[in-house]
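S.K.: The structure's right below; bear with me while I get my questions together.
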Amino acid sequence: FIDYKKQGGLYELVMNGISKEELNHLLKLEEIQYILPHITLLSYLSICQLNFLYKYAKGLIFPSFREGFGLPPLEAMNHQVPVITSKLSSLPEICKDAVYYINPYQITEITKALIDFQENKIRESYIKKGNELIKQYSWEQMAKQVLTVYESLN
């Protein structure tokens, strides 16, 4: 999300990679009708376009219902972007305490997280935690772990 005008404390929500099915469900939720004018929908983005968004983002909100490894939150952390994400699936195991957790089924929790992220201190604390966590997921670290597994097989 991008802090675009600060009118009434609203953010501009930029949504990337949402399916038509998910969008139709989202648009039917009465609780979000008032923010629809503040949502920009994008199709899938190139790496350059995504990097541009990260440059101006105040945070990443990733309310996933199911997730494999959870690369988007780690990618955001790598760009110094604090993360709000789901406490479901693998995300707590991957993100540890470096993100603000929400229940993706609870609009009130998502809203509270967005309100809390208006505080620079809160965002900065998650940026700091993200910087520490992302060190555990470097390509070099992964290569060392894979090499250790291969060596243990001999």
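The values are calculated or read from the model by the stated rules, or taken from the named source; none is laboratory data. The structure displayed is predicted, hence computed values, not measured ones. Reconstructed Cβ throughout: ideal geometry from the backbone, glycine too, with neighbour counts over all protein chains shown. When the accessible area is computed, the model is the full protein with side chains, heavy atoms only, and any ligands, DNA or RNA have been set aside. Shrake-Rupley method; radii C 1.70, N 1.55, O 1.52, S 1.80 Å.
S.K.: Would you mind finding the one in LEU45, LEU50, LEU74, LEU41 that is over 10 Å from the mean Cα position of the chain (by Cα) and either assigned to a helix (DSSP H, G or I) or at positive phi (or both)?
M.R.: Working: LEU45 fails: either assigned to a helix (DSSP H, G or I) or at positive phi (or both); LEU74 fails: over 10 Å from the mean Cα position of the chain (by Cα); LEU41 fails: either assigned to a helix (DSSP H, G or I) or at positive phi (or both).
After applying the criteria, what remains is LEU50.
S.K.: Right, here's the next one. Name the residue, out of TYR126, TYR137, TYR101, that is hydroxyl-bearing (Ser, Thr, Tyr) and in contact with a Phe, Trp or Tyr (Cβ under 8 Å, 6 or more places away or on another chain). If you could, list the steps in order and put the result at the bottom.
M.R.: Working: TYR137 fails: in contact with a Phe, Trp or Tyr (Cβ under 8 Å, 6 or more places away or on another chain); TYR101 fails: in contact with a Phe, Trp or Tyr (Cβ under 8 Å, 6 or more places away or on another chain).
Only one candidate qualifies: TYR126.
S.K.: If I go through segment 82-103 residue by residue, how many of them are open to solvent by 20 Å² or more (accessible area, probe 1.4 Å) and within 15 Å of LEU60 (Cβ to Cβ)?
M.R.: 2
S.K.: Going through segment 92-125 one residue at a time, which ones are part of a helix (DSSP H, G or I) and either of a type in the set (D, E, K, R) or within 15 Å of MET77 (Cα to Cα) (or both)?
M.R.: Scanning segment 92-125 gives PRO92, GLU93, ILE94, CYS95, GLU109, LYS112, ASP116, LYS121, ILE122, ARG123, GLU124, SER125.
S.K.: Kindly indicate whether LYS128 is closer than 19 Å to GLU12 by Cα and not in a loop (DSSP other than H, G, I, E, B). Reasoning before the result, please.
M.R.: Details: closer than 19 Å to GLU12 by Cα: no; not in a loop (DSSP other than H, G, I, E, B): yes.
It is false that LYS128 is closer than 19 Å to GLU12 by Cα and not in a loop (DSSP other than H, G, I, E, B).
S.K.: Does PRO72 satisfy the condition of being open to solvent by 30 Å² or more (accessible area, probe 1.4 Å) and at pLDDT 85 or above?
M.R.: Taking the combined requirement at face value, the residue satisfies it.
S.K.: I've got another one for you. Could you say which residue among LEU91, LEU71 is under 27 Å from GLU22 (Cα atoms), of a type in the set (A, V, I, L, M, F, W, C) and without any contact (Cβ under 8 Å) to a residue 12 or more places away in the chain?
M.R.: LEU71
S.K.: Same structure again: How about segment 116-130: which of its residues are open to solvent by less than 100 Å² (accessible area, probe 1.4 Å) and not acidic (Asp, Glu)?
M.R.: Answer for segment 116-130, where residues must be open to solvent by less than 100 Å² (accessible area, probe 1.4 Å) and not acidic (Asp, Glu): PHE117, GLN118, ASN120, ILE122, ARG123, SER125, TYR126, ILE127, LYS129, GLY130.
S.K.: Would you mind finding the one in LEU153, LEU133, LEU60 that is open to solvent by less than 30 Å² (accessible area, probe 1.4 Å) and either more than 25 Å from ILE18 (Cα to Cα) or in contact with a helix residue (DSSP H, G or I) (Cβ under 8 Å, 6 or more places away or on another chain) (or both)?
M.R.: Numbers: LEU153 fails: open to solvent by less than 30 Å² (accessible area, probe 1.4 Å); LEU60 fails: open to solvent by less than 30 Å² (accessible area, probe 1.4 Å).
Among LEU153, LEU133, LEU60, only LEU133 is open to solvent by less than 30 Å² (accessible area, probe 1.4 Å) and either more than 25 Å from ILE18 (Cα to Cα) or in contact with a helix residue (DSSP H, G or I) (Cβ under 8 Å, 6 or more places away or on another chain) (or both).
S.K.: Looking at (1) modelled with pLDDT under 95; (2) open to solvent by less than 70 Å² (accessible area, probe 1.4 Å), can you tell me which one GLN106 breaks?
M.R.: Single failed check for GLN106: (2).
S.K.: Picking from ILE122, ILE84, ILE115, ILE134, which residue would you name as being hydrophobic (A, V, I, L, M, F, W, C), closer than 17 Å to LEU13 by Cα and more than 12 Å from the chain's Cα centre (by Cα)?
M.R.: Sole residue among the options that is hydrophobic (A, V, I, L, M, F, W, C), closer than 17 Å to LEU13 by Cα and more than 12 Å from the chain's Cα centre (by Cα): ILE115.
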